[in-house]
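Below is one structure; the comments refer to it alone.
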Amino acid sequence: MALGKLMKRFYNFSKTDLLSIYQKMIMGRHLDTKMLTLLKQGKGFFHIGCSGHEAAQLAASQTLTPRQDWSYPYYRDAAFCLGLGMTPREQLLSFLARKDDPNSGGRQMPQHYGHKDLRIVSQSSPTGTQLLQAVGCAMTRKWEKTKEIVYVSCGEGTVSQGDFHEALNWSSRDKLPVLFHVEDNKYAISVHISEQISGNSVYKITSGYKNLKRFEVDGTDFFETHLAFEKASNRAREGKGPSVVVSHVVRLLAHSSSDDQRKYRLEKDLNEERGKDPIKKFEKSCIESGIIKLNEFREIDEDTKKQTDKDAVWALEQPHPDKETAFDHVYSGQNLKGNFTEKTISDRIVMVDAINHALNEEMIQNEKMVIYGQDVADPKGGVFTATKGLSDTHGKDRVFNAPLAESSIIGTAVGMAVAGWKPVVEIQFGDYIWTGMMQIRNEVATMRYRSNNKWTCPLVIRVPVGGYIHGSLCHSQSIDGFFLHLPGIYIAYPSTASDAKGLLKSACRMSDPVLFMEHKGLYRQGYCSTPEPDKNFLIPFGKARIVQEGNRLTIITWGAMVQKAIEAVKEVASGPGAIEIIDLRTLNPLDTETIGTSLEKTGRVLIVYEDNITNGPGAEIAAIISQDFFELLDGPIKRVAAKDVPIPFNWYLEEKVLPQTSDIVSAITELMEY
């Protein structure tokens, strides 16, 4: 009896297990076929297949615990998702972009997987962004002392991305529970690995990372690949660190339905790859072992094909999303109310210290809030000392230094935020945020929308910006114009210490991502200092501040330009109560109500900002005024901003490029005389 039971296992899998694995493999293959048929019939528009990758993907899925472990699969991982419990119907709903698609509700292209119940985090199109997010997610698993692990996959072409190596670096440094799966089919669309990777070997170029275990396997052999993943997952759960599994697979279909691989691959090579079909190899191994018969496989194959046909008919009958929902879920819709308490705790505080105190108070208020970036930990406490003392107070497990890699900082923050943590990260200078732009534009800003409100990443990105500090081309940039164009992320830009504290505390409590801009030139300016409000002080986003009231001209401004506007008004002999100054405080949302109310009184408007005059935020604000408040105007809309020139180091040259008080005076004079 005992011997009989033992004989009914193969590589420690029962016959039932093996038949279930085979059914998912063949389901992935039949789904590919059915989707391509539907596409040819004009019922679908795009497809990326898993054919040839099924064994490696199912091997990986068998070592994960569905609904507990976390997954960041890439677009070819259909069989992997089936292995975790995603149903064929759910994948067909995604392919057909139907309303009840759990991946995105029809908002993303097919094969962009995401399933909240299965902890498959929403994935997007850029290759490689998921890698750093997986690292951030794994950091939270380690902090929470769980045995959960994080799976992330990519193709061998993505190994050329810097994010891949940044992810290996950080995860191996911190011994994080990450399984990196590189599915190497030798082609990044049409580019062969010989044109992609030094030495033609992903395995070799991943050497050198301490604590990183490497496995290289025949990905068409389920059993060999499963053994590697079993070792890697056990290692991760034991706290020994990450592993990379390089599985050599075959791509039996073109890159996608938009590709024809016969244009760049020889028929001889394609035939050779068909001979390595992982499903046939799985069948052969099981049949030769005697555990499963050929007719049993054929029966499953036929039943699965019939079920796929039925599921496709069902999916085609499902409703499309209501077109009125196209604008839903860009933001959370959270209404975080302000608390303009008049209680103060000190007579005077400068902006950088107000920021520091806000962070400290929010760290106390939220034990899942973490702060990190370059040089933020003590003893330095940030290059501007905004985080001074915070790691000494809260510990270096909550306030810590990050590698010098902006994409790493933003990408890991996304992974932390989707796992329920509140990362507040610092990009040391706005001038260097650009290497993190892929993560911000395609990941941070879209996570809620693209997942149909299933996944969110309410992180905060603090970033010092602006000139007037002799910072030259790469320490003086104003970046607000770029990010104002990004739906899905809120933007704050305070001009006083109390506003900085109130806005930052609100940002730390919001359910949406926030870009928090801090003008370097204001950090310690006396004119920006204010009494310090207490810990209950909150400023809602989208509520401007009236700096001074007037009835003949409205100046709309923010950041460092607020003080220059105040100085300019003092120089103009306009009489008391003539010029109203509005400090927007936040650029997204924009307080258009306050702008309109002011224009009803004044009829004239001047927009003053530090970013480039061309396509800067003032251009958009001018367009809004022209569209919504044109009939209130008694003169042209004027702007004062930086010239369309890089900011030079020499102070006389810098003065010529950046907006000066005298420029504002001239513009005021012209408008008042109009």
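The values are calculated or read from the model by the stated rules, or taken from the named source; none is laboratory data. Since this is a predicted model, take the numbers as computed values, not measurements. Quick reminder, even Gly has a Cβ in these numbers, built from the backbone with ideal geometry, and neighbours come from all protein chains shown. Remember, those area values only see protein heavy atoms, side chains included, never the ligands or the DNA or RNA. Shrake-Rupley method; radii C 1.70, N 1.55, O 1.52, S 1.80 Å.
Figures for the structure shown
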quantity	calculated
Conditions (1) under 20 Å from the mean Cα position of the chain (by Cα); (2) open to solvent by 10 Å² or more (accessible area, probe 1.4 Å); (3) of a type in the set (S, T, N, Q): number failed by residue 171	(2)
Of residues in the range 41-81 being over 18 Å from residue 255 (Cα atoms) and touching a Gly at 6+ places or on another chain (Cβ under 6 Å), the one surrounded by the fewest Cβ atoms within 10 Å (Cβ to Cβ)	66
Odd one out for residue 89, checked against (1) in contact with a helix residue (DSSP H, G or I) (Cβ under 6 Å, 6 or more places away or on another chain); (2) assigned to a loop (DSSP other than H, G, I, E, B); (3) open to solvent by 10 Å² or more (accessible area, probe 1.4 Å)	(2)
Residue list for the range 325-337, filter: surrounded by 15 or more Cβ atoms within 10 Å (Cβ to Cβ) and more than 17 Å from residue 444 (Cα to Cα)	336
Residue 178 under 26 Å from the mean Cα position of the chain (by Cα) and not small (Gly, Ala, Ser)	yes
Matching entry among 202, 244 (being in contact with a Lys or Arg (Cβ under 9 Å, 6 or more places away or on another chain), of a type in the set (A, V, I, L, M) and within 24 Å of residue 61 (Cβ to Cβ))	244
The range 181-198 - residue that is within 16 Å of residue 50 (Cβ to Cβ) and open to solvent by less than 30 Å² (accessible area, probe 1.4 Å) and, of those, farthest from the chain's Cα centre (by Cα)	185
Some residue of the range 602-609 being within 19 Å of residue 670 (Cβ to Cβ) and open to solvent by 10 Å² or more (accessible area, probe 1.4 Å)	yes
Residue in the range 223-236 that is open to solvent by 20 Å² or more (accessible area, probe 1.4 Å) and in a loop (DSSP other than H, G, I, E, B) present	no
Filtered residues of the range 270-302 (kept if assigned to a helix (DSSP H, G or I) and open to solvent by less than 50 Å² (accessible area, probe 1.4 Å))	270, 273, 278, 279, 282, 283, 285, 286, 296, 297, 300, 301
From 381, 420, 395, residue being surrounded by fewer than 20 Cβ atoms within 10 Å (Cβ to Cβ), in contact (Cβ under 8 Å) with a residue 60 or more places away in the chain and not charged (D, E, K, R)	420
Residue under evaluation residue 313, criteria (1) open to solvent by 20 Å² or more (accessible area, probe 1.4 Å); (2) assigned to a loop (DSSP other than H, G, I, E, B); (3) of a type in the set (A, V, I, L, M, F, W, C); (4) free of Cβ contacts under 8 Å to residues at least 40 places away in the same chain, criterion not met	(2)
Selected residue [part of a helix (DSSP H, G or I) and touching a helix residue (DSSP H, G or I) at 6+ places or on another chain (Cβ under 9 Å)] from 664, 647	664
Filtered residues of the range 451-466 (kept if open to solvent by less than 10 Å² (accessible area, probe 1.4 Å) and β-branched (Val, Ile, Thr))	460, 461, 463, 465
Entirely in the range 1-78, the helices (runs of 4 or more DSSP H) that have 1 or more residues that are aromatic (Phe, Trp, Tyr) and touching a residue at least 24 places away in the same chain (Cβ under 8 Å)	15-40
Within the range 475-492, considering residues that are assigned to a loop (DSSP other than H, G, I, E, B) and open to solvent by 10 Å² or more (accessible area, probe 1.4 Å), the one farthest from residue 611 (Cα to Cα)	487
Residues satisfying the stated conditions in the range 429-463, i.e. among the aliphatic types (A, V, I, L, M), within 13 Å of residue 514 (Cα to Cα) and more than 11 Å from the chain's Cα centre (by Cα)	460, 461, 463
Selection from the range 565-579 of residues that are surrounded by fewer than 24 Cβ atoms within 10 Å (Cβ to Cβ) and either of a type outside the set (Gly, Ala, Ser) or under 37 Å from the mean Cα position of the chain (by Cα) (or both)	566, 567, 569, 570, 571, 572, 576
Among the candidates 472, 495, residue that is part of a loop (DSSP other than H, G, I, E, B), over 23 Å from residue 136 (Cβ atoms) and in contact with a Ser or Thr (Cβ under 9 Å, 6 or more places away or on another chain)	495
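Let's see how each residue does on (1) part of a strand (DSSP E or B); (2) open to solvent by less than 20 Å² (accessible area, probe 1.4 Å); (3) within 21 Å of residue 419 (Cβ to Cβ):
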| site | (1), (2), (3) |
| --- | --- |
| 431 | no, yes, no |
| 439 | no, yes, yes |
| 449 | no, no, yes |
| 501 | no, yes, no |
| 505 | no, yes, no |
| 518 | yes, yes, no |
| 524 | no, no, no |
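Residues checked against (1) over 39 Å from the mean Cα position of the chain (by Cα); (2) farther than 30 Å from residue 188 by Cβ:
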| site | (1), (2) |
| --- | --- |
| 271 | yes, no |
| 275 | yes, no |
| 286 | yes, yes |
| 314 | no, yes |
